[in-house]
Amino acid sequence: MRTELRKREFQKGLDNPSAVDTITLTWRQVEVTVSTKRKSRDLANSSLQRAIDVFRKSGGVLRTVEVLRAGVHQRTLYAMREAGIVDRLDRGLYRLADNPPLANPDLVVVAAKAPKGVVCLISALAYHNLTTQIPHEVYLAVQRGSEFPRIEHPPIRIIQMGRAAFREGIETHDIDGVRVRVYDPEKTLADCFKFRNKIGLDTVVEALRFYRQRRKVKASNLMRYAAVCRVADVMRPYLETLL
C-alpha cells in the first residue's frame, strides 16, 4: 500500500511542472557536488604524487624551504606528514617514510640543515675510520663570521675557521642521497693538530697512527695543510716519528 502511495505522489509531482523543475534542479545539484568532489580528490592525489616525486628526485630528504621552492604547497606537505608519508627529522626537515633506514642519520640531518658547513675533527676522523672515538656530537666547521646553523638534533659542536683554512680540503660524499661535505683525511689531521686542545693530543696521535696503517700517506698534502692551518712546526716532529 505504501508503494502505491509513493507512486501516486511521484506521478502527482510529474503532473506538476514546478515539481519537475525542482526534481531536475536537485539532481543537477547532486551531480555538480559529486563532480566537484571527484575533481578535488583527483587534484589532491595529483598534488600529493607530485610532492612525492619532488622528494624522490632529491634523494628523499628536503628542507621545508626547498619543498616550497619546488612548487609544493605547504598544506600538501603537512598533509603528507599527517598521513605518515614523510617523517620529520628536525625542525623544517622531512624525509620520505618508505625510504630505507638512514645509514648515518646524524651527518645527513646536519648536512641537510647546514649545507655550507663541513664535517670536521672527530666526526671526520670517524667517517674516515681514523679513530676509536665515538662522537656524541657532530663537529661542524663554519667560516668565521658566518651565521651558526640552528639544529635541534643531533647536538653539534661548531668550529670556526678562517677563510683559507675553511675552504681547503673539502670532499663531497653522497650519504643516503644527501650531499655531505667532509674534510679529506690529510686536512682532518692538520685540523686535529690545530684544535688538539679541544679533542686531546692522544686522539690526534692515534689518528695519525691509523692514517699510516690504513691509508696511502700523502706527505706533501699533510705539510701543505699544516702550513694553511699554521701548525707545520707542531706537526713536523710527529710526522718524522710516525711516518
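Worth pointing out:
- Single residue of the range 170-200 satisfying the filter (in a strand (DSSP E or B) and out of contact with any strand residue (DSSP E or B) (no Cβ under 7 Å at 6 or more places or on another chain)) that is surrounded by the most Cβ atoms within 10 Å (Cβ to Cβ): Ile175
- Test for Arg150: is it surrounded by fewer than 22 Cβ atoms within 10 Å (Cβ to Cβ), in contact with a Ser or Thr (Cβ under 7 Å, 6 or more places away or on another chain) and within 26 Å of Gly59 (Cβ to Cβ): no
- All of (1) without any contact (Cβ under 8 Å) to a residue 12 or more places away in the chain; (2) of a type outside the set (S, T, N, Q); (3) assigned by TED's automatic domain parsing to the domain that holds Cys229 hold for Pro135 with one exception: (1).
- Subset of the range 42-75 [among the hydroxyl-bearing types (Ser, Thr, Tyr) and within 25 Å of His153 (Cα to Cα)]: Ser58, Thr64
- Test: Val61 is modelled with pLDDT under 85, more than 25 Å from Leu189 (Cβ to Cβ) and in contact with a strand residue (DSSP E or B) (Cβ under 6 Å, 6 or more places away or on another chain): yes
- Checking each residue in the range 201-237 for being modelled with pLDDT under 95 and in a loop (DSSP other than H, G, I, E, B) picks out Arg215, Lys216, Val217, Lys218.
The values are calculated or read from the model by the stated rules, or taken from the named source; none is laboratory data. Please read all numbers here as calculations on a predicted model, not as lab measurements. Positions of Cβ are generated from backbone atoms using ideal geometry, with glycine treated the same way; all protein chains shown enter the neighbour counts.
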